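Presented below is the structure to which this report refers.
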Amino acid sequence: MNNSEIISNVFRFIILVLLQVLILNNINFLGYINPYLYILFIIVFPLNGNKSLLIILSFLLGLSIDLFGNSGGIHAAACLVIAYLRPLFLKFSFGVSYEYNMVKVNKAPLTERITYITLMVLLHHLILFSLEIFSFSHILLLLKSTLFSSIFSIVLVFCTLLLFSRKS
C-alpha cells in the first residue's frame with residue numbers, strides 16, 4: 001500500500017467508527033433493527049493489502065465499537081471472523097478474477113458485488129447477534145434480528161458505495 005491508501009484507510013476507519021458510535025448505534029427500528037455500517041471498512045479494504053494487517057485492524061475496529069457501546073467484545077469477534085474469512089468470500093464471489101488480483105469491488109459486476117457484500121454482512125450479523133442473544137430459546141429473535149438488520153445494513157452499504165463511487 002502506498003501513502004495515499006494508508007491515509008484514506010485511516011480516515012475511513014475513524015469516520016466509520018465515529019459514524020457508527022455517534023449516529024447509527026442510536027437507530028433502533030422496531031426494537032431489533034440496527035444498521036452496522038462500520039464493516040464497510042473490512043469490505044473495501046484493498047485486496048492487495050496485508051492480510052495480517054487487515055485482521056489486526058478489524059480487531060481494533062470491532063474493539064472500538066465495543067468500547068463505545070459497552071458490548072463486551074461481540075463486535076470484535078464478529079469483525080475478526082469476517083476479516084479471516086474474507087479471502088474465501090472474495091474467491092467465491094469473484095472467482096478467477098480475484099485469484100489474478102483483477103478485482104475492484106466498486107467496478108465489479110452487480111451480482112458479484114451483491115454476493116460478496118451479502119455474505120460478509122450476513123455472517124457478521126449472525127455472529128454478532130448469536131453472541132449478543134446467546135440462547136437457543138430465542139432463536140427466532142436471533143434469526144429475525146440477523147435478517148432484518150442485515151437487509152438494512154446491506155442497503156446502507158450499497159448506498160454508501162454508490163455515493164462515494166460517483167464522487168471519485
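The values are calculated or read from the model by the stated rules, or taken from the named source; none is laboratory data. In this text, all values refer to a predicted model and were calculated from it rather than measured experimentally. For neighbour counting, all protein chains shown are included, and Cβ atoms are generated from backbone atoms with ideal geometry for every residue, glycine included.
Figures for the structure shown
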{"quantity": "Candidates LEU47, LEU30, LEU61, filtered to the one that is surrounded by fewer than 19 Cβ atoms within 10 Å (Cβ to Cβ) and within 30 Å of HIS138 (Cβ to Cβ)", "calculated": "LEU30"}
{"quantity": "Exclusive hit being buried (at least 17 other Cβ atoms within 10 Å of the Cβ), closer than 21 Å to LEU161 by Cβ and within 17 Å of the chain's Cα centre (by Cα), set ILE23, ILE14, ILE39", "calculated": "ILE39"}
{"quantity": "Selection within segment 66-82 - closer than 18 Å to ASN34 by Cα and either touching a Ser or Thr at 6+ places or on another chain (Cβ under 7 Å) or not hydrophobic (A, V, I, L, M, F, W, C) (or both)", "calculated": "ASP66, GLY69, ASN70, SER71, GLY72, GLY73, HIS75, CYS79"}
{"quantity": "Pair list, Cβ < 8 Å and 6+ apart or interchain, from segment 66-87 residues that are modelled with pLDDT of 95 or more to residues that are polar (S, T, N, Q)", "calculated": "CYS79/SER58; LEU80/SER58; ILE82/SER58; ALA83/SER58"}
{"quantity": "Residue satisfying condition, being of a type in the set (Ser, Thr, Tyr), in a helix (DSSP H, G or I) and under 23 Å from ASP66 (Cα atoms), within set SER137, SER153", "calculated": "SER153"}
{"quantity": "Helices (runs of 4 or more DSSP H) within segment 38-111 that include 3 or more residues under 18 Å from ASN9 (Cβ atoms)", "calculated": "40-44, 51-69, 74-94"}
